[in-house]
Amino acid sequence: MSDSTNAAHSSKLEEQAKAKGDISYSYWASTDRPANNPEIEPKKLSEEEAAKLQQAAAQQGTNASAWNAAGTFEERNVTEWAKQQLQQTLVGTSSSSAVITGCNVPSGDAHIWFIRGKKRHGFEFDIELQWSLSSSSGGSDAAAAAAAAAAGSGGSIKLTGVSPDELDDLSHMEVTLSQASGDAAADAAALAAARGLKGPLQQALAGFYAELKTK
């Protein structure tokens, strides 16, 4: 992604983190340090101390790290898990006449934030899907769709900037046909069938988001 795209992407994730958690901190720091006052060295926690802190965090219901038992602020990157989960969730998603056969997640991020004792979840991904038709389409275009399926029609679906705020709309959904069949009616029916995957994809993505929120 370009610098401008990265900046916009980071900004969107920050908005998700702050959406329900007001982050406001004040602090002061002294730049004057006497020569006889060396920097404080970090101290490694013993296993017993770490266990107590982790138990305290668990009792608060945040699952924050042991060092963050107070749950003030912590960020976890769960991008790799999310990409794998998206692939498992979306492949096989189907409508009455089309099915998702492949999934690639070329870019994006997923994060969990612990803010003042509460968890927030956010993600933004670009998703590339492959689809193909079945011959079970009904309706007025059934014959055309069946002909397209018999010819092996399929193509791709690109979902850009998918985030929790986009799940009810999927406005950035681009459907293309991999190869024209030479039959305009069959091609139009194939594209219409692929667009019919929008609802099932929304449900699948909502399931992915629900799974993310259990982490």
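Could you please find all residues in the range 164-208 being modelled with pLDDT under 95 and closer than 29 Å to LYS118 by Cα?
Of everything in the range 164-208, those that are modelled with pLDDT under 95 and closer than 29 Å to LYS118 by Cα turn out to be PRO164, ASP165, GLU166, LEU167, ASP168, ASP169, LEU170.
Among the hydrophobic types (A, V, I, L, M, F, W, C), crowded, with 21+ Cβ neighbours inside 10 Å, closer than 21 Å to SER94 by Cβ and at pLDDT below 95 - does that describe any residue in the range 119-130?
The answer is no, given that none of the residues of the range 119-130 is among the hydrophobic types (A, V, I, L, M, F, W, C), crowded, with 21+ Cβ neighbours inside 10 Å, closer than 21 Å to SER94 by Cβ and at pLDDT below 95.
Among what's in the range 71-98 and is modelled with pLDDT under 95 and crowded, with 20+ Cβ neighbours inside 10 Å, pick the residue that is nearest to GLY199 (Cα to Cα).
It comes out as SER95.
In this structure, does THR176 turn out to be surrounded by fewer than 14 Cβ atoms within 10 Å (Cβ to Cβ) and under 18 Å from the mean Cα position of the chain (by Cα)?
Considered against the rule, which asks whether it is surrounded by fewer than 14 Cβ atoms within 10 Å (Cβ to Cβ) and under 18 Å from the mean Cα position of the chain (by Cα), THR176 comes out as no.
Can you list residue pairs whose Cβ atoms sit under 8 Å apart, with the first residue in the range 73-89 being over 13 Å from LEU212 (Cβ atoms) and the second being part of a helix (DSSP H, G or I) and of a type in the set (A, V, I, L, M, F, W, C)? Count only pairs 6 or more apart in sequence or on different chains.
GLU75/ALA17
The values are calculated or read from the model by the stated rules, or taken from the named source; none is laboratory data. Remember, predicted model here, so these are calculated numbers, not experimental data. We place every Cβ from the backbone using ideal geometry, glycine too, and count neighbours over all the protein chains shown.
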